[in-house]
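Below: one structure, written as structure tokens.
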Amino acid sequence: MKKVMIKIPHRISGFFEIVDEFDGMKISDPERIGSRGAGFNLNSFGITEIRLEEVNDSGNLNHEIYINKELLNERAETSYYILKYCLKLNKGLDGHKIKIFHDFDLPVGCGFGASGSGALGCVYGLNYILNLNLQLSDLGRIAHIAEVINRTGLGTVCGQLGGGLSILLEPGYPCSYEKIKPPNDLIVICGSFGTIHTKSILNDPKLNVMIKNAGRKALSNLLKNPNLKNFTKLSYKFVKESRILKILNLSEIEELLYDLNKLNIIGASMNQLGRSVFIFCDKDSENEVQDLLTSYKPNLKTFKSSINESDKILIKRM
């Protein structure tokens, strides 16, 4: 049996501008579709383990994809797309099957970049397992295209490859970004009420236009003053101006963000896209934040983390 493990950080987007048109015409090339915006990687991870196993039973050659121990196969749309793509590049698997296991520190479908983490883990792992010898630039491109085609993300992959708190300057692949240095004592606390399906939001015409306008404005203002405080303020402003809370009827997020931003913290906003929030604070205000979040439990699940500034991807070959 041949095995590999890939570790990719979770990522939260604070705001984004959907870029799927040019001069009023829809972009057909998925490599050029994407987003502009800003977000940050967390010291919380998605772990992808891929195994190539020899199978004696010729009738048991179906490949398998698991997410948090649940067998999903085709329902794991982005990983399934990448698996099919990579298998076309190496067809010499007679008598072998591939098993892909994704396990995430943070909840899937809640705005923590799990799909991007899984996409990168999948393509990096299959490159090793199948001896594809692809360039690093090819791996990022495949992961980005898989997300765009399956409408599970637009710019998360680029952010995860860049590391830290980064501004995505241009849509699509290859990635174009610049980084913002966060303070060393920064604490990131997250809370989640559950899932939002990214695909349904990206397909909503009204919300699509609102996000484009609000995201474009937020990016322009962040580039004038690129720092953590301004990123947080503009992320919250994006939530209000895009009217995403009203359109999706996310009253619990609206109430929580209102309460959080009355505290003596750096700021708080909504994960894009999920029924989740992120809070930036320091040790002096952490207890006050946790006390407020406790009042929203048990409907709210909370997590503590920090910003991961590394752009290195951990690959463990076994």
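Would you check which residues across segment 75-124 are in a helix (DSSP H, G or I) and acidic (Asp, Glu) and list them? Explain how you work it out, then say what you get.
Of all residues in segment 75-124, those in a helix (DSSP H, G or I) come to 75, 77-89, 114-124.
Glu77 - this is the single residue of segment 75-124 that is in a helix (DSSP H, G or I) and acidic (Asp, Glu).
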Practice prompt. Quick one: in segment 188-211, of everything that is at pLDDT 75 or above and among the aliphatic types (A, V, I, L, M), which residue is surrounded by the fewest Cβ atoms within 10 Å (Cβ to Cβ)?
Written response: Val209
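If we scan segment 232-239, do we find a residue that is closer than 17 Å to Ile189 by Cβ, touching a Phe, Trp or Tyr at 6+ places or on another chain (Cβ under 7 Å) and either in contact (Cβ under 8 Å) with a residue 12 or more places away in the chain or not assigned by TED's automatic domain parsing to the domain that holds Glu53 (or both)?
Applying the first criterion (closer than 17 Å to Ile189 by Cβ) to segment 232-239 yields 232, 235-236.
Those still in the list that are touching a Phe, Trp or Tyr at 6+ places or on another chain (Cβ under 7 Å) too: 232, 235.
Narrowing the set further to residues that are either in contact (Cβ under 8 Å) with a residue 12 or more places away in the chain or not assigned by TED's automatic domain parsing to the domain that holds Glu53 (or both) leaves 232, 235.
Among the residues of segment 232-239, at least one is closer than 17 Å to Ile189 by Cβ, touching a Phe, Trp or Tyr at 6+ places or on another chain (Cβ under 7 Å) and either in contact (Cβ under 8 Å) with a residue 12 or more places away in the chain or not assigned by TED's automatic domain parsing to the domain that holds Glu53 (or both), which makes the answer yes.
Okay, residues lined up against (1) free of Cβ contacts under 8 Å to residues at least 40 places away in the same chain; (2) surrounded by fewer than 19 Cβ atoms within 10 Å (Cβ to Cβ); (3) of a type outside the set (S, T, N, Q); (4) in a strand (DSSP E or B):
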residue	(1), (2), (3), (4)
Ile8	no, no, yes, yes
Ser13	no, no, no, yes
Phe16	no, no, yes, yes
Ser28	yes, yes, no, no
Glu31	no, yes, yes, no
Ala38	no, no, yes, yes
Phe45	no, no, yes, yes
Thr48	no, no, no, yes
Practice prompt. Could you identify the single residue in Lys88, Lys84, Lys69 that is more than 26 Å from Leu134 (Cα to Cα) and exposed (fewer than 15 other Cβ atoms within 10 Å of the Cβ)?
Written response: Lys69
Fill in: Answer from Val148, Val123 - the residue that is touching a Leu at 6+ places or on another chain (Cβ under 6 Å) and buried (at least 24 other Cβ atoms within 10 Å of the Cβ)
Val123
Practice prompt. Considering each residue of segment 94-107, count those that are in contact (Cβ under 8 Å) with a residue 40 or more places away in the chain and either over 30 Å from Lys301 (Cβ atoms) or not assigned by TED's automatic domain parsing to the domain that holds Glu64 (or both), and give that number.
Written response: 4
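Take the conditions more than 21 Å from Gly162 (Cα to Cα), surrounded by 14 or more Cβ atoms within 10 Å (Cβ to Cβ) and free of Cβ contacts under 8 Å to residues at least 24 places away in the same chain and apply them to Leu293. Does it pass?
Taking the combined requirement at face value, the residue does not satisfy it.
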Discussion item. Could you list, ordered by first residue, the pairs with Cβ atoms under 7 Å in which the first is in segment 174-203 and assigned to a helix (DSSP H, G or I) and the second is basic (Lys, Arg), at least 6 apart or interchain?
Written reply: Thr198/Arg151; Lys199/Arg151; Leu202/Arg151
Discussion item. Here are the criteria: (1) surrounded by fewer than 17 Cβ atoms within 10 Å (Cβ to Cβ); (2) within 22 Å of Ser44 (Cβ to Cβ); (3) of a type outside the set (Gly, Ala, Ser). Tell me which single one Lys301 does not satisfy.
Written reply: (1)
Discussion item. If Lys312 meets every condition in (1) in a helix (DSSP H, G or I); (2) out of contact with any Lys or Arg (no Cβ under 8 Å at 6 or more places or on another chain) apart from one, which number is that one?
Written reply: (1)
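Which one of Asn90, Asn43, Asn60 is out of contact with any helix residue (DSSP H, G or I) (no Cβ under 8 Å at 6 or more places or on another chain) and at pLDDT 95 or above? Give the steps one after another, and end with the answer.
On the way: Asn90 fails: at pLDDT 95 or above; Asn60 fails: at pLDDT 95 or above.
After ruling out the rest, the residue left standing is Asn43.
Scanning segment 219-255 for residues that are among the small types (Gly, Ala, Ser) and surrounded by 14 or more Cβ atoms within 10 Å (Cβ to Cβ), which turns out farthest from the chain's Cα centre (by Cα)? Please lay out each step first, then the result.
Pass one, segment 219-255, residues among the small types (Gly, Ala, Ser): 220, 235, 242, 251.
Filter once more, so that each one left must be surrounded by 14 or more Cβ atoms within 10 Å (Cβ to Cβ): 235, 242.
Numbers: Ser235: 16, Ser242: 20 Å.
Selected residue: Ser242.
The values are calculated or read from the model by the stated rules, or taken from the named source; none is laboratory data. Owing to the predicted nature of the structure, the values given are computational and were not obtained by experimental measurement. Positions of Cβ are generated from backbone atoms using ideal geometry, with glycine treated the same way; all protein chains shown enter the neighbour counts.
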